[in-house]
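The values are calculated or read from the model by the stated rules, or taken from the named source; none is laboratory data. Since the model is a prediction, treat every value here as computed from it, not as a measurement. Don't worry about glycine lacking a Cβ; one is built from the backbone with ideal geometry, like all the others, and counts go over all protein chains shown. Heads up: the accessible areas ignore ligands, DNA and RNA and are worked out on the full protein's heavy atoms, side chains in. Shrake-Rupley method; radii C 1.70, N 1.55, O 1.52, S 1.80 Å.
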Amino acid sequence: MRDVVVAANWKMHTTPADAGDLARTIASRTREAGVTRVICPPFVSLGAVRDALAESDPDVAVGAQNVHHELAGAYTGEISAPMLVGLATWVIVGHSERRRDAAETDALIGRKLARVLEAGLRPILCVGEQLADREAGRAIAVVDAQLRGALTDHDPAATADGGLVIAYEPVWAIGTGRTATGADASAMADAIRAALDALGWGESGAATPVLYGGSVTSANIAEFLAEPSIDGALVGGASLKPDEMAGIVARAGITARARGLAG
Ligand code: PEP
């Protein structure tokens, strides 16, 4: 049975001075058996969050929001995967805000994915269409192309063994208060697994968790987790609010229990 994952993307919020307290508070409000929790603070707050969680709730994992596609070199201001080892165990790659602001391409994202896996870190690969794509009926084709672009050169078994999670995040739903419907998210999750199958993933594709992301809150999470093909959420704005995270993870706990993951 696939893992149930709730990942918090804090984006460019928190400082090393306040991130540890926030992580501790969220951890204490989200203890739900069977739910994999991940908090992704800014790079500079990784150490503070790691230390706070190590002492208060080591079950909550720490993730980075990005990584460079090279191992080392003359890349001023960048962070490589080996630098993250010891600070984080997960890494988000291909977030739409980086595709938009840093012109990240699918090929580049594929290289980042390779660095993440080589370092023994667990990747969350973000995919999702623009509003114009959805309105033109191209949503599935766009996501399919993103997956092919990022995953084509990767060995399916090694990538699956590395714990790949895919986050379907329609760009028009991120930070806008608009969401996809549960049915649309579910249809996309099915399309994502079909794309993995076409890339030769076989059983591994069916076993890959697919999260929904895009204005997820405690009020709407149930619509997504009611869909058997959706395995959790990547949460942005609401992930900075302990009450919201408590509600989101509580609902994820229901799914984890239904899947027999709660032990
Ligand atoms: C995100 O940052 O991945 C995200 C989904 O943001 P929000 O929940 O704020 O839409």
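For Gly128, the residues whose amide H sits under 5 Å from its own are Glu169, ignoring neighbours fewer than 5 places away on the same chain, with H placed 1.01 Å from N.
Both radii were evaluated on the Cα set of the chain; the Rg over Rh quotient, with Rh as the Kirkwood radius, amounts to 0.93. Between Ile92 and Ala64, Gln65, Asn66, Ile124, the built amide H atoms are under 5 Å apart, and every one of these is 5 or more places off in sequence or on another chain. Per residue, the convex hull around the alpha carbon atoms of segment 119-233 comes to 98 Å³. Rolling a 1.4 angstrom probe over the chain with all protein chains present gives an accessible area of which 53% lies on carbon and sulfur atoms.
Sequence-ordered 3J(HN,Hα) estimates for segment 238-244 from the Karplus curve with 6.51, -1.76 and 1.60 and θ = phi - 60° stand at 5, 6, 8, 10, x, 4, 5 Hz, glycine and proline given as x. Calculated on C-alpha atoms, the gyration radius of segment 44-89 divided by its Kirkwood radius gives an Rg/Rh of 1.04. Its Cα centre serving as origin, segment 120-263 has a Cβ charge dipole (Lys and Arg +1, Asp and Glu -1) of approximately 340 debye.
Based on Cα contacts under 8 Å between residues 6+ apart, segment 156-263 shows a relative contact order of 28 percent. The alpha carbon radius of gyration of segment 101-147, expressed as a multiple of 2.2 N^0.38 Å, is 1.35.
For segment 50-171, the relative contact order is 25 percent, taking Cα pairs closer than 8 Å that sit 6 or more residues apart in sequence and dividing their mean separation by the residue count.
Neighbours of Glu104, meaning other residues whose beta-carbon lies under 11 angstrom from its beta-carbon, give a summed charge of +2 when Lys and Arg score +1 and Asp and Glu score -1. The relative contact order of the chain, computed from alpha carbon pairs under 8 Å that lie at least 6 residues apart in sequence, is 23 percent. Rounded to the nearest Å, what's the spacing between the alpha carbon centres of segment 204-263 and segment 1-77? Just the number, please. Between the Cα centres of segment 204-263 and segment 1-77 lies a distance of 17 Å. Subtracting the Cα-Cα distance of Arg257 and Glu78 from 0.36 nm times their residue separation leaves 60.4 nm of extension gain. With both labels modelled 7 Å from their Cα along Cα-to-Cβ, the Val85 to Ala226 distance reads 4.5 nm.
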